[in-house]
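Everything on this sheet refers to the single structure shown next.
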Amino acid sequence: MTSTKLGFDSNTSFIAISNQSLPEQIENPVTGDRMTILCSTHDSNGNSFKAQFNLPPGSNGSPLHYHNHLTETFEVLSGSLEMEVGAKGNIKILRPGEIVYVPAGTPHSFRNTSDEWVTFVSEVRPAGEFEQFIRAMYGLAIDAKVNKEGMPTNPLQLALVIQKADLVFVGLPLFVQKLIIGTLAQIARFLGVERSLVKYWKQAE
């Protein structure tokens, strides 16, 4: 809840002054989805990152993946969200008020297959570097540095954001992912590529 304090205007009437800013909203111009940050990594002292997402009809969301150390919770506020959780093909349709908890290491994906917008809240614990990942993804889209699916076109930037998301894709051999992503990320850091991403999250810290 936003706390307030009371002050006086020139006519000595009461006015409410908020000591918190409004939630930050970011729109992805490529995929059309919107994100509203509800609790940042800084706000939670690194315990969690929480955001509300609005996905347009037909949005692909994310491919099947899992996180090695992060847990996620999905709660639908309006519309319907199609999720694949656990084994491939295990489809769940979440409706308003329904929640799915995804432990670390559990494959999952989400998409909006309906003809209406869907609004849901996602919480990641611990926060890790997930906020840096999601801010970089939106920032690169705004700067027209992603493909039509919203993925970074620069493979070095892509490798860095994948690592920040603690993300492993399902369907690709793990050793291949570790080799390719790890090598590209090392090259990216050696070349200072991460500096091109810092601007997307630095202002929020």
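No value in this document is a laboratory result; all are computed from the given coordinates. Only a predicted model underlies this, so the values are computations on that prediction, with no experimental measurement involved. Cβ coordinates were reconstructed from backbone atoms using ideal geometry, including for glycine residues, and neighbour counts include every protein chain displayed.
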Give the shape of region 33-108 as rounded, prolate or oblate, defined through the alpha-carbon gyration tensor: a ≥ b ≥ c are the square roots of its eigenvalues, a/c under 1.5 means rounded, and otherwise the shape is prolate if a/b is larger than b/c and oblate if not. oblate
Gain in length, SER114 to THR36, computed as 0.36 nm per residue apart minus the alpha-carbon separation, to one decimal in nm? 25.9 nm
Crossing angle, helix 155-164 versus the chain [Cα axis fit, 0-90 degrees, rounded to tens]: 60
Net dipole in debye of the chain [+1 Lys, Arg Cβ; -1 Asp, Glu Cβ; about Cα centre; nearest 20]: 520
Can you tell me the orientation of helix 174-190 relative to the chain, as the angle in degrees between its alpha-carbon axis and the longest Cα principal axis, to the nearest 10? 60
The chain: angle of helix 130-142 to the longest principal axis, Cα-based, in degrees nearest 10: 90
Ignoring everything except DSSP H segments at least 4 long, calculate the 222 nm mean residue ellipticity for the chain; use -39,500 (n - 2.57) per segment, divide by total residues, nearest 500. -7500 deg cm²/dmol
With a ≥ b ≥ c from the Cα gyration tensor eigenvalues, square-rooted, and the rule rounded for a/c under 1.5, otherwise prolate when a/b > b/c and oblate otherwise, region 124-205 is rounded
Quick one, which of [x] 0.97; [y] 1.03; [z] 0.93 is the actual Rg/Rh (Cα atoms, Kirkwood Rh) calculated for this model? [y]
Rank GLY46, GLY58, LEU81 by how far each Cα sits towards the positive end of the charge dipole of the chain (+1 on Lys, Arg Cβ; -1 on Asp, Glu Cβ) and give me just the farthest. GLY46
